[in-house]
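Below is one structure; the comments refer to it alone.
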Amino acid sequence: MKKTYYLLAMACAGFLLLATTYRTTESKYGMVVGSPEIKSMTSLSFGPDGILFVGDSKSATVFAVDTKDGAMNEKAANVEIKDIDRKIAVLLGTEVQNISIQDIAVNPVSKSVYLAVQHSDGTPVLFKIEGEKITPVNTKSIAYSSVALNDVPSESDKDRRGNSLRVSAISDLGYADGKLMVSGLSGKEFNSTFRSIPFPFTNKQDQASLEIYHAAHGKYETLSPIRTFTTAEISGKKYLVASYTCTPLVLFPLDELKAGQHVKGRTVAEMGSGNQPIDIVTLTKGNESYLMMANSNRPVFKVDYKNIEKYQGSLTTPVEESFATAGVDFVSLPVTNVLHLAKLDDSRMVLLQRRSNGSLDLWTSSERYL
Amino acid sequence: MTKNRLIRIRSYPAYGLILFVLMGFCGCSSSSENDQIRLRWRGKAAEGVDIPQSLTVGLPSDSVASLLKVRLVDSDPSVSILGDYSVESKTISFTPLIPFTRGLQYEVLLRNAPVGTFAVPAADPADAPELLGIFPSQDTLPENLLKIYLRFSQPMQEGKSADYVALISNNADTLKGAFLNLQPELWNEDRTVLTLWLDPGRIKRDLQPNRVLGNPLQRGVHYQLLVSSEWKNKLGASLPKTYDKSFVAGLRDSLSPVPAKWKIMVPSSGTRQSTKVEFNEPLDYSLLAESLSILDKNGRVVKGKWEIGEDEKAAHFKPLGSWQAGNYTLQVLTILEDLAGNNLNRPFDLDVTKKRAGLHSDEVIKVPFSVAD
């Protein structure tokens with residue numbers, strides 16, 4: 001009898017083991033195979049193993065899509081495509097003024113460049129660059145999962161609370177340490193939503209909704225929406241390096257970004273007026289690391305992380321008056337009108353630049369910019 | 001004559017589905033319905049094209065994608081449009097990744113030899129969008145005005161506001177950089193309401209842009225906001241005219257609205273009269289629509305409809321049922337802002353060197369009122 005129970009127990013254990021194995025292989029990261037209803041692609045960022053996060057501002061949702069593009073490429077070739085917007089327009093059967101390139105991202109594993117393109121009627125198309133070839137990425141019958149950013153209040157919900165800020169535009173996405181970070185802007189409230197969402201997405205989202213303030217020279221404190229961000233290690237501590245709609249560069253210790261906390265960032269640089277930060281990446285050369293920032297009305301800025309480190313001591317005190325006009329030193333690179341940039345590898349980035357002759361070119365920077 | 005030529009354009013507006021250009025080749029003029037290349041419509045978008053197999057004789061069904069091409073006329077002949085082909089009994093359907101563009105002409109090629117062309121008609125002027133409103137409505141606005149809303153009758157093309165919206169001061173200079181060039185822009189979900197932010201870096205006191213350039217708006221200066229007739233809706237139809245709004249910049253507003261000071265016109269019991277709430281100042285057009293509710297004595301939301309009026313300085317609530325004698329509460333979400341971004345809990349920029357008297361963190365503010373017998 002005992003033997004029978006033993007065999008039964010073994011069979012159950014075996015079955016469970018098999019079931020678990022089956023689950024992990026068939027639904028990696030909790031994804032299902034289907035055709036995600038992506039209404040817009042306004043922000044792209046890669047996660048682990050070729051998983052692409054697609055920020056859909058229109059439906060205020062982030063999709064995680066398995067690109068199956070997970071083969072390691074140690075030596076990425078330079079990417080260079082001139083007049084890329086015209087080439088894409090012809091492939092789509094339309095004219096260049098009817099499309100816009102919303103974002104670019106590089107798969108850190110395969111080093112392939114991905115582009116999110118939007119037609120003037122709102123239809124989004126995802127492209128992958130392979131050498132000189134621009135190929136569409138199929139977003140039908142793919143493995144995906146998604147997370148909605150807005151709580152939709154029901155008709156009977158009498159306490160529609162102000163804490164569920166409605167995202168109108170996903171301004172940036174980033175993945176670090178098992179978490180997807182999303183910054184969003186609201187079309188109504190002048191406020192910022194910054195969420196840290198564990199990936200794989202689960203039904204029970206542990207979303208950290210943060211209120212972020214930053215101080216202007218220790219005197220005025222304002223709510224402000226984050227435009228773009230990256231993460232970086234400064235003096236052995238991890239930080240969120242964020243740039244705002246009003247251009248200051250602000251640091252937040254990552255471990256302080258917890259749900260419901262009033263987190264005060266420290267403004268380390270103001271980088272000019274009438275300007276919008278577009279993308280930030282961190283590049284390294286030897287032991288030096290640099291923050292590279294593309295701007296709407298300024299050249300690409302390069303900030304040496306060493307200069308940021310120097311201000312470690314004053315994290316909790318008001319920003320000194322001497323920061324008022326300059327802050328951390330930065331260098332303007334001789335590269336203007338960069339619409340997007342993405343990190344290709346440790347020392348190179350891919351830039352989408354409007355040249356002075358009007359051509360929109362995708363090209364790869366060399367180490368000489370570091 | 002071997003040149004392809006356009007021989008017929010037929011439109012079936014009553015069906016709203018079919019419009020095509022029929023092609024003949026080799027000078028043929030006796031085409032039947034079966035020879036017609038037809039556009040496939042979804043609403044007003046040409047989402048695909050049906051090519052009769054009579055035009056593709058000898059094309060093996062398993063080689064359609066490699067031998068058949070649809071391309072834009074006057075473009076690089078080696079490039080074919082990306083999309084999906086499907087073979088049915090008498091036709092081959094091609095669905096491009098994005099709908100065909102209004103006003104453009106396309107060509108179908110088999111083994112690189114043309115078999116026909118088709119054109120997509122330009123957008124119908126009857127489908128033109130309108131600009132229904134520019135908010136705030138008032139003609140005197142605070143110099144630290146934060147947002148302007150444009151409300152259209154139809155979904156518009158995105159990412160174009162910097163090209164089509166201009167702010168002119170004193171009828172002379174176009175102000176550059178007054179609005180923040182945000183990409184993606186801040187549209188509502190159906191793409192009919194756009195939020196424009198005046199550069200917050202210039203409004204926030206003490207930030208470098210504010211110190212160097214000052215507010216985007218200067219007190220006492222007259223401005224004209226222009227919305228260009230070149231702006232198109234999603235279908236490609238332009239606004240019928242250039243719209244404008246004139247206003248003058250007034251005093252800076254650095255104070256949060258205080259609901260306790262608002263005036264509530266109390267209705268009579270037993271009636272369905274509208275209740276009017278006066279705010280003493282104009283408030284944010286978009287947030288007003290969702291920030292107000294009235295609760296009965298049991299804390300339940302009274303069903304009815306809010307309407308914003310008097311240049312966003314008042315709102316009217318019309319209940320579905322009758323007012324009962326007794327206590328009611330006006331409940332206001334604290335996210336509600338005035339025209340300068342001061343919400344009910346905190347002003348837009350807070351002077352941290354001063355005492356934070358009156359700073360709240362509540363999610364709602366409640367103002368009681370009573371309906372008399």
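The values are calculated or read from the model by the stated rules, or taken from the named source; none is laboratory data. Keep in mind that what you see is a predicted model, and the values were worked out from it rather than measured. Please note: Cβ atoms are built from the backbone with ideal geometry, for glycine as well, and neighbour counts cover all protein chains shown. SASA here: full protein model, heavy atoms, side chains in, ligands and nucleic acids out. Shrake-Rupley method; radii C 1.70, N 1.55, O 1.52, S 1.80 Å.
With segment B:82-186 as the region, which strands (runs of 3 or more DSSP E) entirely inside it contain at least 2 residues that are under 19 Å from the mean Cα position of the chain (by Cα)?
B:131-135, B:147-152, B:165-169
Got at least one residue in segment A:71-79 being at negative phi and in contact with a helix residue (DSSP H, G or I) (Cβ under 7 Å, 6 or more places away or on another chain)?
No, segment A:71-79 contains no residue that is at negative phi and in contact with a helix residue (DSSP H, G or I) (Cβ under 7 Å, 6 or more places away or on another chain).
So, in segment B:36-59, exactly how many residues are more than 14 Å from chain A (Cβ to nearest Cβ) and out of contact with any Gly (no Cβ under 7 Å at 6 or more places or on another chain)?
Adding up the residues that qualify gives 11.
Mind listing whichever residues of segment B:132-182 are of a type in the set (A, V, I, L, M, F, W, C), away from every other protein chain (no Cβ under 14 Å) and surrounded by fewer than 18 Cβ atoms within 10 Å (Cβ to Cβ)?
Listed by number, the residues that qualify are B:132, B:168, B:172.
If a residue must be facing chain A (nearest Cβ under 9 Å), out of contact with any Lys or Arg (no Cβ under 9 Å at 6 or more places or on another chain) and in a loop (DSSP other than H, G, I, E, B), how many such residues does segment B:189-205 contain?
Of the residues in segment B:189-205, the ones facing chain A (nearest Cβ under 9 Å) are B:189, B:191, B:193-195, B:197, B:199-205.
Imposing the further condition that a residue be out of contact with any Lys or Arg (no Cβ under 9 Å at 6 or more places or on another chain) reduces the set to B:199-204.
Those left that are additionally in a loop (DSSP other than H, G, I, E, B): B:199, B:204.
Total satisfying the criteria: 2.
One line per residue, one yes/no per condition, for (1) farther than 17 Å from residue A:37 by Cα; (2) of a type in the set (S, T, N, Q):
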{"residue": "A:103", "(1), (2)": "yes, no"}
{"residue": "A:107", "(1), (2)": "yes, yes"}
{"residue": "A:112", "(1), (2)": "yes, yes"}
{"residue": "A:117", "(1), (2)": "no, no"}
{"residue": "A:123", "(1), (2)": "no, yes"}
{"residue": "A:133", "(1), (2)": "yes, no"}
{"residue": "A:144", "(1), (2)": "no, no"}
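Taking only pairs six or more apart or across chains, which ones have beta-carbon atoms under 7 Å, a first residue in segment B:175-193 that is among the β-branched types (Val, Ile, Thr), and a second residue that is assigned to a strand (DSSP E or B) and open to solvent by 20 Å² or more (accessible area, probe 1.4 Å)?
B:192/B:151; B:193/B:151
For residues in segment B:60-84 being touching a Phe, Trp or Tyr at 6+ places or on another chain (Cβ under 8 Å) and within 14 Å of chain A (Cβ to nearest Cβ), which is farthest from residue A:134 (Cα to Cα)?
The selected residue is B:73.
Can you report the number of residues in segment A:38-65 which are open to solvent by 10 Å² or more (accessible area, probe 1.4 Å), more than 18 Å from residue B:184 (Cβ to Cβ) and modelled with pLDDT under 95?
Result for segment A:38-65: 2.
What about residue A:111, is it open to solvent by 20 Å² or more (accessible area, probe 1.4 Å), more than 13 Å from chain B (Cβ to nearest Cβ) and closer than 20 Å to residue A:349 by Cβ?
yes
I'd like to verify a number: residues in segment B:42-80 that are open to solvent by 10 Å² or more (accessible area, probe 1.4 Å) and assigned to a loop (DSSP other than H, G, I, E, B), how many? Show your work before the answer.
Within segment B:42-80, the first condition is being open to solvent by 10 Å² or more (accessible area, probe 1.4 Å), and the residues that meet it are B:42-45, B:47, B:50, B:53-55, B:57-63, B:65-67, B:69, B:71-80.
Checking which are assigned to a loop (DSSP other than H, G, I, E, B) leaves us with B:43-44, B:57-60, B:73-80.
The number of residues fulfilling the criteria is 14.
From B:286, B:256, B:291, B:246, grab the single residue that is in contact (Cβ under 8 Å) with a residue 40 or more places away in the chain and over 23 Å from residue A:190 (Cβ atoms).
Result of the check over B:286, B:256, B:291, B:246: B:246.
Consider residue B:244 carefully, then state whether it is surrounded by 22 or more Cβ atoms within 10 Å (Cβ to Cβ) and over 14 Å from the mean Cα position of the chain (by Cα).
Against the criterion (surrounded by 22 or more Cβ atoms within 10 Å (Cβ to Cβ) and over 14 Å from the mean Cα position of the chain (by Cα)), residue B:244 does not qualify.
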